[in-house]
1. When residues of segment 2-27 are filtered for being loosely packed, with under 11 Cβ neighbours inside 10 Å and either within 22 Å of Val85 (Cα to Cα) or hydrophobic (A, V, I, L, M, F, W, C) (or both), how many remain?
2. State the number of residues belonging to segment 68-93 that are surrounded by fewer than 15 Cβ atoms within 10 Å (Cβ to Cβ), touching a residue at least 60 places away in the same chain (Cβ under 8 Å) and assigned to a strand (DSSP E or B).
3. Please name all residue pairs, on different chains or six or more residues apart, with Cβ atoms under 8 Å, provided the first residue is in segment 50-67 and is touching a residue at least 12 places away in the same chain (Cβ under 8 Å) and the second residue is surrounded by fewer than 16 Cβ atoms within 10 Å (Cβ to Cβ) and assigned to a strand (DSSP E or B).
4. Condition (residue is surrounded by 15 or more Cβ atoms within 10 Å (Cβ to Cβ) and more than 13 Å from the chain's Cα centre (by Cα)) applied to segment 28-35: is it met by at least one residue?
5. Which of the residues that make up segment 51-67 are exposed (fewer than 12 other Cβ atoms within 10 Å of the Cβ), assigned to a loop (DSSP other than H, G, I, E, B) and not small (Gly, Ala, Ser)?
6. Just to be sure before I move on: is Val79 of a type in the set (Val, Ile, Thr), in contact with a Phe, Trp or Tyr (Cβ under 9 Å, 6 or more places away or on another chain) and at pLDDT 90 or above in the structure I sent?
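The values are calculated or read from the model by the stated rules, or taken from the named source; none is laboratory data. Predicted model only: the values in this text are computed from it and were never measured. Cβ atoms come from the backbone with ideal geometry, glycine included; neighbour counts cover every protein chain shown.
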Amino acid sequence: MKASKAGFILAGLLTTTQFLPIYYKSSEFSYFVRREAARTRSESDLKESLLREAKAYSLPVKESDISIERTNGVLRVTVDYKVPVHLLVYNPEMKFRVIGAGSLSSIK
């Protein structure tokens with residue numbers, strides 16, 4: 001009985017140590033996306049900036065994961081990406097979606 005409890009606790013700790021860093025990095029990246037979208041620079045600069053920051057956080061974001069739309073004076077950025085989690089027996093993927101927007105009035 002004690003061995004099974006210890007096993008569950010160990011499995012829980014292992015899982016937590018794998019998921020928490022991913023959530024933290026994704027949260028920081030999400031904040032960055034919203035802040036950069038509000039700055040409303042050119043689309044190519046915005047994509048480069050997002051890819052560079054994703055790489056800094058070790059997030060597997062590709063250029064094809066970034067969608068930029070211009071509608072009614074608003075620049076909207078959507079980033080959809082998946083992060084693999086490496087557990088001992090099971091390797092799930094965590095899916096994230098980040099949305100940021102900014103006014104186009106300051107873009108020249």
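1. Of the residues in segment 2-27, the ones loosely packed, with under 11 Cβ neighbours inside 10 Å are 2-10, 12-13, 16-17, 20.
Next cut, either within 22 Å of Val85 (Cα to Cα) or hydrophobic (A, V, I, L, M, F, W, C) (or both) only: 3, 6-10, 12-13, 16-17, 20.
Of the residues in segment 2-27, 11 are loosely packed, with under 11 Cβ neighbours inside 10 Å and either within 22 Å of Val85 (Cα to Cα) or hydrophobic (A, V, I, L, M, F, W, C) (or both).
2. 0
3. Between residues of segment 50-67 that are touching a residue at least 12 places away in the same chain (Cβ under 8 Å) and residues that are surrounded by fewer than 16 Cβ atoms within 10 Å (Cβ to Cβ) and assigned to a strand (DSSP E or B), the close pairs are Pro60/Lys82; Pro60/Pro84; Asp65/Asp80; Ser67/Asp80.
4. Within segment 28-35, none of the residues are surrounded by 15 or more Cβ atoms within 10 Å (Cβ to Cβ) and more than 13 Å from the chain's Cα centre (by Cα).
5. Across segment 51-67, the qualifying residue is only Lys62.
6. Values: of a type in the set (Val, Ile, Thr): yes; in contact with a Phe, Trp or Tyr (Cβ under 9 Å, 6 or more places away or on another chain): yes; at pLDDT 90 or above: yes.
Against the criterion (of a type in the set (Val, Ile, Thr), in contact with a Phe, Trp or Tyr (Cβ under 9 Å, 6 or more places away or on another chain) and at pLDDT 90 or above), Val79 qualifies.
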